Structures are given as C-alpha cells and as structure tokens.
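Here is the structure we will look at, set down as structure tokens.
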Amino acid sequence: MLAVAASLACAPLLAPSYAAAADNPAADKQAFIADLIGKMTLDEKIGQLRLISIGPEMPQPQLIKEIAAGRVGGTFNSVTRADNRPLQEAAANQSRLKIPIFFAYDVVHGHRTVFPISLALASSWDMGVVEKAARISAVEAAADGLDATFAPMVDISRDPRWGRTSEGFGEDPYLVSQCARASVKGFQGSSPANADSVMAFVKHFALYGAVEGGRDYNTVDMSMQRMYQDYLPPYRAALDAGAGGVMIALNSINGQPATSNKWLLRDLLRKEWGFRGVTVSDHGAIDELLRHGVAGNGREAAKLAIEAGVDMSMADSRYLEQLPTLVKSGTVPVKLIDDAVREVLGAKYDMGLFADPFRRIGTKADDPLDVDAESRLHRADAREAARKSMVLLENRNQTLPLEKSGTVAVIGPLADAKIDIMGSWSAAGKARQSVTLLQGMRDAVAGKGEVVYARGANVTDDERVVGYLNFLNWDNPEVVQDKRSPGEMIDEAVRVARKADAIVVAVGETRGMSHEASSRTSLSLPGSQLALLKALKTTGKPLVVVLMNGRPLTVNWEKDNADAMLETWYTGTEGGHAIADVLFGDENPSGKLPLSFPRSIGQIPTYYNQLRIGRPFTPGKAPNYTSQYFEEDSGPLYPFGYGLSYTTFSVSDIRLSAPKLARNGKIMASVTVKNTGERSGETVVQLYVQDVTASVVRPVKELKDFRKVMLAPGESRVIDFPVSEDTLKFYNARLEYVAEPGDFNVQIGLDSASVREARFTLE
Ligand code: NOJ
C-alpha cells in the first residue's frame, strides 16, 4: 500500500492562483473559498454544480471543451490517470479560474481488486475487515487518479426482493452503522486530502432500501419514528465518521422525492445533523422530478432541486440550462447558488485538489504501463476478507471440512463463473483476473486429489430473463447460456458426480440478478438449479451446496437436504481460493448473517427487530389468532446473526454487575463463552436489548453490541458488555432521543434467536 502512495508524489503542475492553499496548509478554507466565489461569474458557478459522466453522451473531446469553458465541477466513470490527466489539465490550465475538477467512481467493494460484496463484508462482523477492504479500494482507486467514491451504500434493506440488498450491509441499524463508520474510515484514511485516500459519498440519502414491495425506484412511505430509529442512523454514522459527500436517493419519501425534499436535505441533513459537505443528485434524478410529477418542466425541476439543497446535478443538464435564467429573473436567489458552490469547492479543498490538482493523477512518467497489471492487485487481502465473509448454514455429520485427497465433483452454473463471483458494482475489476470456485478447488487439491466438473444447469432457463440481464451488454453478454437442455446437463452432472467422493455444487443468482433494477418476485433458486440439486442428491454422495447470491434466498429444500451449505455471497477476485480454504478447513468459517432469511416470499418482511404486537405468535403454542401465516412455519428460515463453525461454542448465563442502572451510570452484562469443540474458531457474541415497557411500542429486541472472538479448543473467555443509559435510548413519540425508566431485558447469544436473558432496571 505504501509503495502505491509513494509513487503518487505530487506533480509540479500546480495552478499558480492556488499556491496559497498549497504553501499554507493552515490557510483558512472558508476565506479561500469565499475569495474564489467572489471572482466567479454566474456561469462559472453553475458550471461547478455539474457532475458529468464521460461516455457516449459526453465523449472526451467534448468534455475537455466543457471543462476548459468552466462548465464542469466533476466527472465520474473516467477511471485511469491517463484518461483523467487531460481533463484535469483542461481545468487547471485552460479554464479561466483554473479550478480543478474531481474524479469520482462507484468504488463500492474494491477497485482493481474486487473484494466480497458489502453484504458479505457485513457478514464478517469484523470491522477491521470492512475498513481494510475500503482502505485498499481507496489506495487502488487513488492510484488510478480518482478522488472520490460513491460509497458506502448504507441503505437498510429488509425486503430481499430488492436487488440492491447486495450493495448494502443488511437489515440492522446498529450493524450497518458500524460498517458505515468502518468504510468511511477506510476510504478516507486519516484525511480525504491524502494522496492515497478518496472522499466517501455516503448513499442513498435516504431510505432507498425501503422502496415499497422491494421494487427498485419505488416510493417510500414511512413513519418518522421508524426513520429516526432504524433507517437514518447508518447515514448519520457515515457522516459522523467524516464522509465528505452525500448522494441523494432516487425515491420519494412520504410524498416528496428526496431530490426535491427540503425537509430531508436542509432541515435534517444540514440543520439538525450539521452536515458541512457536498450533496449530489443520483443519475438523472433532477430530470426525474418531472416523472415523479412534482415538476411540470425542467425549469421547475431545477428550481425545486436547488431550493431543496441539491448541490450538484449528476448526469442531467437541468442546472446548466435553467439556473442562469432562474437567477437572472430573481426566481432563485444567487445565494442558493453560492451556497452550493461553496460546498463543491469545499469538497475539492478537502480532497486536497487546490493544493495540487494532480495529487492522485501524478505525472505521465509514473503511469502504470498496464492498468490491469497483476502487480496492482491485493490478492492476499481479498482472500482474507472473503474467508471471513462466508456463513456456514448447515453442516450435518461434519460433512465439512472436506479431505483434499480423493475426488471432488465441482458442479453448478456458478462454479466457473468469473464474472458473477465479482458481484455487482465491481468497479475496475477484470473478470479474467477472478478465481472461480473450480479454479480454487483445483489449486487446493493439486498433487493430492482430483476435481471433476460439470456445469449441470444454467442459472436461469428463461430467455426473457437472459435478455433482461444482458440488456446493457449485447455485444459482450454477461449471461451466456449453455444450449443443451436442462435434462442433458443434469444427466451429465449426475454422471460426473458418481465418480466423486463428495459433491460441491455452486448455485444461486447471476450477479446481474442482485443489482440495481433487479427486483425479484421469487427468492428460490432460478431455473433448473433445484432440479439439479435433487438429482445430485440421488447419488447418495455428500452434497455440499455453495450459495452465490446477493440477497437471502428461500432455500427450504436445500436446508433440509444438503449435507452442508455455505453462503458465500459474491466473494470477489480471490473468491474461489477463499471458498476452497473454507471447504477444506484451512479457514474455519466465522461469518454470521447480516439479515434474516425468509421461508417464503410471502413471509417478507422477516427482519428480526420487528415491533412488538398484541397477538404475537409464540413457538410451541397454538398459532390460532396469533400473527402468522397458517400454511407455513413461522419465523425466519435462518435468523439474523446466525452462522455455524467447524467447532462448537457454549455461552453461560448472563451475569449482571448490578440489578439497577443509575442515570449516567454503567452496568456490565457478562457471559463466559467457551470453545467446546476440537478446532480453533471465531464466533460473534451478540448483545440485544429489549425495553420491557415504554411510552411507545418498541422492538422485540435490538442489537446493541457485539464482539468477534477467537478461541482455541477448550478455551473460555469472559465477554463484558457495558450497558449505559445511551444503550437504552430511542426516539419517543416527540422524536426526543431518550431512555425511559423501567425494566429492560438484556439478551446475549451467538445469533438473534438463541439467547440467554437477564433483567435490570433503569432508575
Ligand atoms: C445510479 C446508482 O443509483 C448510484 O448508486 C450510482 O452511484 C450512480 N448511478 C453513479 O454510477
């Protein structure tokens, strides 16, 4: 990492007018910016509010002209130093005021090296892993001349039909907030001005994960209490960790699109939370105000957005076209433009671009000869992150770990899928550099055992779905179908499997199925994948199901019939090696689910921290006239926080240091966790709290703390969780953040469903 940073030594192309900012690091940012704004024409100001995507709509020569004319504030999708340099030269050398532009990109879970998707990183429950993935992503992105990333994505998602579930960190406000913090720390390092840091733009503000029915871009209608209590904390956590930017969500919130939502962007974000940084609309979102039906034309859309507090418009021309006349006619006060420009310039100042516009672009002489060179990857770190991110769902009769000697049949449409294993938003990752499960298994057994392979099925048999998934890549389709019939492929797989001692079968979704605009109406394995599993089961060989997917799936048959099942999500560049590490026991799995798995789509939502109700279903009691669905068992298929290990752990009863908690005081809730098995292993000890009686209905339980601990066989450790008034606070009916006196249940366990419980009283 350090080597990369050192090679980015600042280029001597400093725009002369900004020498002060570079020479005097203590130069007052606000004074510097105020002075600059004073020199800007209205058109130059409006130019700063444009965030342009390089591409067919704006090819490079045209973009250079726009930049030189002072009509661009930043770009995205221009990804190498060589590509970014002429753009920055146009800004820093040719534009009248030589204001640098910034370069952003969707660096969500890796850049050149693809790390596991965010949902997988959250499954590690290891904030060191989350932070390191973001840090390395930043180092690689900065080495490509990028200054900012549209990440982390911290939308709480409780409806797995939503394809973007894969991009976030799950269903729980506390866990997602921890991940948000760790990501921002990783992306920005000690400062977003560092040459090896990128500024984090937290997204999508706000509540995008709560789109009705899990249908992407749909509306959100939500009580203020739920917002404050559950959905807003992760954005706040990212901002408290110093995220310099905010991307505004595409959805509406209680009848007002986020992009025109004054309450959201001015009252909450700026006034209540005190955010000082830049806001950007999402792609084309100002235009979309017309389709939302809150603006009658482009002029109204631009007016609504700037009034609401959208500083930069992404990939639409409304600001450029409309703001000049809106200001000149006195309809929009120039102060609003100045306020937005101040934030854009402030972000660039914080990125260190006024001190040196080329701090991440460097000089041509230092450009990598091959941007995709192997030497630029961080494979070991990606493998380590992936090993920590997998969740062992089943392991009957210790089927896993497998022996490296003998023959393993590696089967399945995702077993050798180089593109899919990267997951969605894999930035500058190259599929040819990713290690598939098949490759990982072959490497692991080399010289000891044998791997035999058959594809067994396509992920989907539905050509309409294939067409949908290939929509953006007709010339280079991601989903390439095996033309044989499902029956032929299954027969071949069964023949291959019969030769083996064990079957490892990789099934799930193509990465495009768990992506933006990829909402599903079913959460079962698509196509003939289940038929493949059933046929393989008839061989009587141990059946190890390896899931690759970006959302919970309704894997009921699989749960009951697989001898072992490992949730791998999408594990990234080194995925195949990491999965093999787990399957062969070189790594003892330690991941825990960051969201609940439903039994069926009809039971959604199944998130664990639901509000209490008057007629709850109680396991073991008659279900009549209780809240449940009568055709199926109740409760999740796999609960939040769940995950097995190759060893076993016990958790003692809870010891409370005192039965009463004084205001401003602290008590300790402690358990002894013991490794009762025969292998070293890590587990996650989870602390939940339930408010027994409160002025408003409170959740059945809420995660408040967790510790990931490594224990040798037979080793015990005492885990102390401090509990204070702060742990017990919530938003009451007046949205005051309070802890009310009375009884609380504290619960500790290794998943959200199996916990020990003790009670104390807040005085
Ligand atoms: C649209 C997506 O919603 C957002 O997450 C992304 O950052 C932008 N496009 C830019 O690519």
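A single entry from L377, L353 fulfils the requirement of being under 23 Å from the mean Cα position of the chain (by Cα) and either among the hydrophobic types (A, V, I, L, M, F, W, C) or more than 30 Å from S118 (Cβ to Cβ) (or both): L377. The residues of segment 394-453 that are over 18 Å from R383 (Cβ atoms), away from the ligand (no atom under 16 Å from the Cβ) and hydroxyl-bearing (S, T, Y), listed by number, are T399, S405, T407, Y453.
Name every residue in segment 51-68 that is within 16 Å of the ligand (Cβ to nearest atom) and either surrounded by fewer than 24 Cβ atoms within 10 Å (Cβ to Cβ) or small (G, A, S) (or both), in order of residue number.
S53, I54, G55, P56, E57, M58 - these are the residues of segment 51-68 that are within 16 Å of the ligand (Cβ to nearest atom) and either surrounded by fewer than 24 Cβ atoms within 10 Å (Cβ to Cβ) or small (G, A, S) (or both).
If only residues of segment 288-340 that are open to solvent by less than 40 Å² (accessible area, probe 1.4 Å) and among the β-branched types (V, I, T) are counted, the one that is nearest to N251 (Cα to Cα) is V310.
So that you can scan it fast, the table gives a plain yes or no per residue for (1) free of Cβ contacts under 8 Å to residues at least 12 places away in the same chain; (2) closer than 30 Å to T41 by Cβ; (3) touching a Leu at 6+ places or on another chain (Cβ under 8 Å); (4) outside the structural domain of D216 (by TED's automatic domain parsing):
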{"site": "L97", "(1), (2), (3), (4)": "no, yes, yes, no"}
{"site": "P116", "(1), (2), (3), (4)": "no, no, no, no"}
{"site": "L119", "(1), (2), (3), (4)": "no, no, yes, no"}
{"site": "A143", "(1), (2), (3), (4)": "no, no, yes, no"}
{"site": "F150", "(1), (2), (3), (4)": "no, yes, no, no"}
{"site": "V154", "(1), (2), (3), (4)": "no, no, no, no"}
{"site": "E171", "(1), (2), (3), (4)": "no, no, yes, no"}
{"site": "P192", "(1), (2), (3), (4)": "no, yes, no, no"}
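For segment 715-723, does any single residue satisfy the condition of being open to solvent by 60 Å² or more (accessible area, probe 1.4 Å), within 30 Å of G677 (Cβ to Cβ) and among the β-branched types (V, I, T)? Looking for residues that are open to solvent by 60 Å² or more (accessible area, probe 1.4 Å), within 30 Å of G677 (Cβ to Cβ) and among the β-branched types (V, I, T), one finds at least one in segment 715-723, hence yes. Of the candidates R663, R655, the single residue that is of a type outside the set (A, V, I, L, M, F, W, C) and closer than 21 Å to G742 by Cβ is R663. Scanning segment 94-108 for residues that are open to solvent by 10 Å² or more (accessible area, probe 1.4 Å) and within 16 Å of the ligand (Cβ to nearest atom) returns Y105, D106, V108. Where strands (runs of 3 or more DSSP E) sit wholly within segment 611-697, those with at least 2 residues that are among the β-branched types (V, I, T) occupy 666-675, 681-691.
Residues checked against (1) among the basic types (K, R); (2) under 29 Å from the mean Cα position of the chain (by Cα); (3) in a helix (DSSP H, G or I); (4) farther than 24 Å from W569 by Cβ:
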| residue | (1), (2), (3), (4) |
| --- | --- |
| Y319 | no, no, yes, yes |
| L323 | no, no, yes, yes |
| E343 | no, yes, yes, yes |
| R383 | yes, yes, yes, no |
| R387 | yes, yes, yes, no |
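Looking only at segment 486-515, residues that are open to solvent by less than 50 Å² (accessible area, probe 1.4 Å) and either of a type in the set (S, T, N, Q) or within 16 Å of the ligand (Cβ to nearest atom) (or both) come to 4 in all. For residues in segment 253-287 being within 22 Å of the chain's Cα centre (by Cα), crowded, with 24+ Cβ neighbours inside 10 Å and small (G, A, S), which is nearest to F150 (Cα to Cα)? So, considering only residues that are within 22 Å of the chain's Cα centre (by Cα), crowded, with 24+ Cβ neighbours inside 10 Å and small (G, A, S), the one nearest to F150 (Cα to Cα) is S281. How many of the residues in segment 712-738 are under 26 Å from P594 (Cβ atoms), small (G, A, S) and free of Cβ contacts under 8 Å to residues at least 60 places away in the same chain? Total meeting the criteria: 0.
Residue count for segment 187-221 satisfying the condition of being more than 16 Å from the ligand (Cβ to nearest atom) and open to solvent by less than 20 Å² (accessible area, probe 1.4 Å): 2. Of all residues in segment 125-151, exactly one satisfies the criterion of being among the hydroxyl-bearing types (S, T, Y) and under 18 Å from T75 (Cβ atoms), namely T149. Kindly provide the set of residues from segment 222-247 that are within 13 Å of the ligand (Cβ to nearest atom) and within 21 Å of S519 (Cβ to Cβ), ordered by number. Of everything in segment 222-247, just one residue is within 13 Å of the ligand (Cβ to nearest atom) and within 21 Å of S519 (Cβ to Cβ), namely M247. Taking D126, is it within 16 Å of the ligand (Cβ to nearest atom) and either at pLDDT below 95 or surrounded by fewer than 24 Cβ atoms within 10 Å (Cβ to Cβ) (or both)? For D126, the condition - within 16 Å of the ligand (Cβ to nearest atom) and either at pLDDT below 95 or surrounded by fewer than 24 Cβ atoms within 10 Å (Cβ to Cβ) (or both) - is not met. Screening L239 on (1) in contact with a helix residue (DSSP H, G or I) (Cβ under 7 Å, 6 or more places away or on another chain); (2) closer than 20 Å to F150 by Cα; (3) open to solvent by 10 Å² or more (accessible area, probe 1.4 Å) shows it passes everything except condition (1).
Taking A195 as the residue in question, decide whether it is over 20 Å from I248 (Cβ atoms), out of contact with any strand residue (DSSP E or B) (no Cβ under 8 Å at 6 or more places or on another chain) and assigned to a loop (DSSP other than H, G, I, E, B). The answer is yes for A195.
Does L87 qualify as being over 14 Å from the mean Cα position of the chain (by Cα), buried (at least 24 other Cβ atoms within 10 Å of the Cβ), at pLDDT 95 or above and within 16 Å of the ligand (Cβ to nearest atom)? Spelling it out, it is not the case that L87 is over 14 Å from the mean Cα position of the chain (by Cα), buried (at least 24 other Cβ atoms within 10 Å of the Cβ), at pLDDT 95 or above and within 16 Å of the ligand (Cβ to nearest atom). Scanning segment 400-423 for residues that are of a type in the set (V, I, T) and either in a strand (DSSP E or B) or open to solvent by less than 10 Å² (accessible area, probe 1.4 Å) (or both) yields T407, V408, V410, I411, I421. Within segment 744-756, residues that are within 9 Å of Y642 (Cα to Cα) have Cβ atoms under 6 Å from residues that are in a strand (DSSP E or B) in these pairs: L750/T683, counting only partners at least 6 apart in sequence or on another chain.
Summed over segment 222-236, the residues that are open to solvent by 10 Å² or more (accessible area, probe 1.4 Å) and in contact (Cβ under 8 Å) with a residue 60 or more places away in the chain give a count of 7. Please verify whether segment 372-385 includes one or more residues that are more than 16 Å from M548 (Cα to Cα), assigned by TED's automatic domain parsing to the domain that holds G585, out of contact with any His (no Cβ under 7 Å at 6 or more places or on another chain) and surrounded by 24 or more Cβ atoms within 10 Å (Cβ to Cβ). Checked segment 372-385: no residue is more than 16 Å from M548 (Cα to Cα), assigned by TED's automatic domain parsing to the domain that holds G585, out of contact with any His (no Cβ under 7 Å at 6 or more places or on another chain) and surrounded by 24 or more Cβ atoms within 10 Å (Cβ to Cβ). Flag: R71 does not match the condition of being over 15 Å from L353 (Cα atoms), open to solvent by less than 20 Å² (accessible area, probe 1.4 Å), assigned to a loop (DSSP other than H, G, I, E, B) and in the same structural domain as S281 (by TED's automatic domain parsing). Count of segment 649-690 residues, restricted to those that are in contact with a strand residue (DSSP E or B) (Cβ under 9 Å, 6 or more places away or on another chain) and of a type in the set (D, E), is 2.
The values are calculated or read from the model by the stated rules, or taken from the named source; none is laboratory data. What you see is a predicted model; the values in this text were computed from it and never measured. Backbone-built Cβ (ideal geometry, glycine too); neighbour counts: all protein chains shown. Keep in mind that these areas ignore ligands, DNA and RNA; they rest on the heavy atoms of the full protein, side chains included. Shrake-Rupley method; radii C 1.70, N 1.55, O 1.52, S 1.80 Å.
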